[in-house]
Amino acid sequence: MKIIEVIYPEFQNVYADLYQIEFLKKCNKNIKVVYTSYNDEPYFVNNKVDMIYMGSMPDSKIIPSIEKLRKYSAKIKELIKSDVLFLITGNALEIFSSYIIENNKNYEGLQIFNYYIEKDMNHKYVSWYTGKFKNIDIVGHKNHYSVCKNIENGFIKTINGYSSDIENINEGINYKKFYATYLLGPFLIMNPKFTKFLLKELGLSDKLIYEEDLLNAYKERINHFKKPGTRFVMGDHG
Amino acid sequence: MRFYLALWASKFYLFIKKIMGQGRSDRAGLLAAKICPEILTKVNKPKTVILVTGTNGKTTVTHLIYNILKRDGKKIGFNDWNANMRAGHIRCLIDSVNIFNKPNKDVAILECDEMTSNLTVPEIKPDYVIVTNICRDSIRRNSYPEFIFNKINEGVTKSGSTLILNADDPISSFLGKNNKKIFVSIDKFNKDEVYENISPDFNVCPECNTLVNYEYKHYRHIGKFKCPNCKLESFKGDYKVTKVSENTFTLNGIEYPKLSDNLFNIYNESQVIVLLKQLGYDFKFIQNALANSSIPKSRENLEIEKDIKIYSQMAKGQNSSALSTVLENLSKLKNKKQIVLLLDEVYEGLDAQETITWLYDSDFELLNKLNLEKIVVTGPRYLDYIVRLKLAGVKENKIEVSPDYKEAYKLLNLDKKSDIYVLYEVERRPMSREVVESLKERIRNEVE
């Protein structure tokens, strides 16, 4: 049995992120999910976990999440170093940053990595997205109010749409088995090939539920994005 | 001087446009704003200005108010042409004054886009602001409910308007801390099981981040909550619905005609009643006016062809709260159902492709509870719908696919015991009419 811990699921009700975990559960019966609420001690503190998940949340919940998790930052670093899988989607990647700058104020992140966040709630980055992770085509969409600077190990190489940094091709962060991306919500459902990779990383069979249907939708989307003239960035910053 | 130049130029432009039959365009508003950016503050307003915003129900509420006040002989400015942002408001208000900036209307009714309300509401300073509710909407425009709360709150706080709010909405009811507020609420009077949404719009206390407890829910996040930690709780209704019957509902002891079976329309109607009371109308006038009113047909409509019932129901695309609420209401009806989904964006193409996040915020799992005979998915995103429906547990043999919406009517069973529901995105109403008309013709040809 593989244990996935979802940290603060009650905050993650904004961009369908949690459905990804439901999807993983449907893919493999050997997955058990532990949900840790904001007022509870994380399960990983005293128990073995195989994967930790955090997803998009209202931006007002980022700082409270950091403050609650701060005392576990050393433990989180230890888990990353010992190859526990982390999947972080949407703005939750801000939590693991060095610091967040917003309205000329600096907030310390969990300082797990050296990247930092520049945030402005008046500028939204909305785009469709294509990129490459290893030899896997990645598709998705984005909707965030921050950019992520000083990324040392990019997760996905951006082809179309906004990258995390905006100014280079790095999308998200990958260090050992820590994968973080601004890509939203049904990231795993939209990217069945990456999900197969993820399940293998978890030490499970890479068979997906409704795999053929997932691949049909995935291929159609990739083909759609290859059409000349496709516009990825939406509006003025979205 | 610049203001008058803007007023005259835009009124002349509007005059020409009206002659050309294009008077419902908001270009006159754009022109006026270009000449005089602060025109919205400078244009004189009618004696009463009513502004309606919120996620769902704005069009229903504004049309109800308009129809009732019109029956009373009021001269009304109303932006009823789907232009609910600044240019539309300017266009409406310059048409509500004469060339000397003197109001020539008694009332302005303004539907207002919630996303831009932080800018327009303080400029307009309406007498009354009705906020129907705040739910999740298109993520591309509106991000998430808290983001929209902040936008509306910024606007109403600066406007000093009297707010008419839904006490049972734990999000919008906390708007306008220092504004005068009038709350409506609906008592819990039935024992319907409430469906727990896969993506709740409200679940943690805004003060202390603790998971809240609900005493009851009517649908989605609409109900009575209390925080077990800091004791923050729902407001009490100044106007309470205590009974809902087949054709009527009782608000503060007075019975009013019910215009729709959907509970969210009883909230809409109640907010309209409260507004009318504020404007000085007595309950007899309101009862009579409502008895002669209806929910706009663009929202919900029933047609019967040879005893087969065809319901058209708007369920905004990209808006999981609207679709989930419709599905939740359908799940409470016991009849056998066939559903056609016309939810893809009209503007699909190289310039835009829908996000599919909303499909995984929407409660398609409810399809398993609503006596579903068949569901027909249409439009360019049909492959995504197949995945979503299967993940929701809908049996494969109940899913039919028609990428071209025009063919959808052919896939439905013509069975008098099975009601047909066409759920459509607002911009797809013309397409939904095509589907319904084709279906009616097929029924006429094939059913004895």
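The values are calculated or read from the model by the stated rules, or taken from the named source; none is laboratory data. Fair warning: this is a prediction, and the values are worked out from it, not measured in the lab. Glycine also receives a Cβ, built like all others from the backbone with ideal geometry; neighbour counts cover every protein chain displayed.
A compact table of results
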{"read-out": "Looking only at segment B:92-111, and only at residues there that are among the polar types (S, T, N, Q) and free of Cβ contacts under 8 Å to residues at least 60 places away in the same chain, the one that is farthest from B:Leu14 (Cα to Cα)", "value": "B:Asn104"}
{"read-out": "Residues satisfying the stated conditions in segment A:183-238, i.e. touching a residue at least 24 places away in the same chain (Cβ under 8 Å) and more than 13 Å from every other protein chain (Cβ to nearest Cβ)", "value": "A:Lys193, A:Phe194, A:Phe197, A:Leu198, A:Leu199, A:Glu201, A:Leu202, A:Gly203, A:Leu204, A:Ser205, A:Lys207"}
{"read-out": "Members of segment B:215-259 that are buried (at least 20 other Cβ atoms within 10 Å of the Cβ) and among the small types (Gly, Ala, Ser)", "value": "B:Gly223, B:Ser234, B:Gly237"}
{"read-out": "Failed item in (1) touching a residue at least 24 places away in the same chain (Cβ under 8 Å); (2) charged (D, E, K, R); (3) in the same structural domain as B:Asn67 (by TED's automatic domain parsing), with B:Asp282 passing the rest", "value": "(1)"}
{"read-out": "Matching entry among B:Phe183, B:Phe189 (being in contact with a Leu (Cβ under 6 Å, 6 or more places away or on another chain), farther than 14 Å from B:Ile134 by Cβ and more than 14 Å from chain A (Cβ to nearest Cβ))", "value": "B:Phe183"}
{"read-out": "Among (1) touching a strand residue (DSSP E or B) at 6+ places or on another chain (Cβ under 6 Å); (2) at pLDDT 95 or above, the one test that A:Gly140 misses", "value": "(2)"}
{"read-out": "Some residue of segment B:73-86 being touching a helix residue (DSSP H, G or I) at 6+ places or on another chain (Cβ under 7 Å), of a type in the set (Phe, Trp, Tyr) and over 30 Å from B:Leu290 (Cβ atoms)", "value": "no"}
{"read-out": "Any chance B:Asn178 is surrounded by fewer than 23 Cβ atoms within 10 Å (Cβ to Cβ) and within 14 Å of chain A (Cβ to nearest Cβ)", "value": "no"}
{"read-out": "Residue, farthest from the other protein chains (Cβ to nearest Cβ), within segment A:5-31, restricted to residues that are out of contact with any Lys or Arg (no Cβ under 7 Å at 6 or more places or on another chain) and in a strand (DSSP E or B)", "value": "A:Glu5"}
{"read-out": "Enumeration of residues in segment B:199-221 that are out of contact with any Phe, Trp or Tyr (no Cβ under 7 Å at 6 or more places or on another chain) and at positive phi", "value": "B:Arg220"}
{"read-out": "Enumeration of residues in segment B:366-409 that are in contact (Cβ under 8 Å) with a residue 24 or more places away in the chain and either basic (Lys, Arg) or not assigned by TED's automatic domain parsing to the domain that holds B:Ile339 (or both)", "value": "B:Lys369, B:Lys374, B:Arg381, B:Arg388, B:Lys398, B:Lys406"}
{"read-out": "Strands (runs of 3 or more DSSP E) lying entirely in segment A:70-135 (those with 3 or more residues that are more than 14 Å from chain B (Cβ to nearest Cβ), within 20 Å of A:Ser60 (Cβ to Cβ) and modelled with pLDDT of 95 or more)", "value": "A:99-102, A:105-108, A:116-119"}
{"read-out": "Cross-chain or 6+ apart pairs with Cβ under 8 Å, segment B:222-246 first and free of Cβ contacts under 8 Å to residues at least 12 places away in the same chain and more than 14 Å from chain A (Cβ to nearest Cβ), then surrounded by fewer than 19 Cβ atoms within 10 Å (Cβ to Cβ) and part of a strand (DSSP E or B)", "value": "B:Glu233/B:Lys226"}
{"read-out": "Set B:Ile186, B:Ile198, B:Ile254: member being within 23 Å of the chain's Cα centre (by Cα) and at pLDDT 95 or above", "value": "B:Ile186"}
{"read-out": "Tally of residues being without any contact (Cβ under 8 Å) to a residue 40 or more places away in the chain, under 19 Å from B:Glu207 (Cα atoms) and outside any helix (DSSP H, G or I) across segment A:34-69", "value": "4"}
{"read-out": "In segment B:112-135, residue surrounded by the most Cβ atoms within 10 Å (Cβ to Cβ) [restricted to those that are touching a residue at least 40 places away in the same chain (Cβ under 8 Å), over 12 Å from the mean Cα position of the chain (by Cα) and assigned to a loop (DSSP other than H, G, I, E, B)]", "value": "B:Pro126"}
{"read-out": "Unmet criterion (only one of (1) aliphatic (A, V, I, L, M); (2) in contact with a helix residue (DSSP H, G or I) (Cβ under 7 Å, 6 or more places away or on another chain); (3) farther than 30 Å from A:Met121 by Cβ) for A:Ile62", "value": "(3)"}
{"read-out": "Filter pass, B:Ser143 being crowded, with 21+ Cβ neighbours inside 10 Å, in the same structural domain as B:Phe264 (by TED's automatic domain parsing) and more than 18 Å from B:Thr62 (Cβ to Cβ)", "value": "yes"}
{"read-out": "Wholly enclosed helices (runs of 4 or more DSSP H) of segment B:1-71 bearing at least 1 residues under 30 Å from B:Tyr256 (Cα atoms)", "value": "B:58-71"}
{"read-out": "Among (1) surrounded by 22 or more Cβ atoms within 10 Å (Cβ to Cβ); (2) assigned by TED's automatic domain parsing to the domain that holds B:Asp363; (3) in contact with a helix residue (DSSP H, G or I) (Cβ under 6 Å, 6 or more places away or on another chain) - the single one B:Asn319 does not satisfy", "value": "(3)"}
{"read-out": "Matching option when the condition is within 12 Å of chain A (Cβ to nearest Cβ) and either under 20 Å from B:Ser331 (Cα atoms) or surrounded by fewer than 16 Cβ atoms within 10 Å (Cβ to Cβ) (or both), among B:Asn197, B:Asn203, B:Asn209", "value": "B:Asn197"}
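Okay, residues lined up against (1) touching a Leu at 6+ places or on another chain (Cβ under 8 Å); (2) over 25 Å from B:Ile139 (Cα atoms); (3) in a loop (DSSP other than H, G, I, E, B):
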| site | (1), (2), (3) |
| --- | --- |
| B:Ile375 | yes, yes, no |
| B:Tyr385 | yes, no, no |
| B:Lys390 | no, no, no |
| B:Asn397 | no, yes, no |
| B:Glu407 | no, yes, no |
| B:Asn413 | no, yes, yes |
| B:Pro430 | no, no, no |
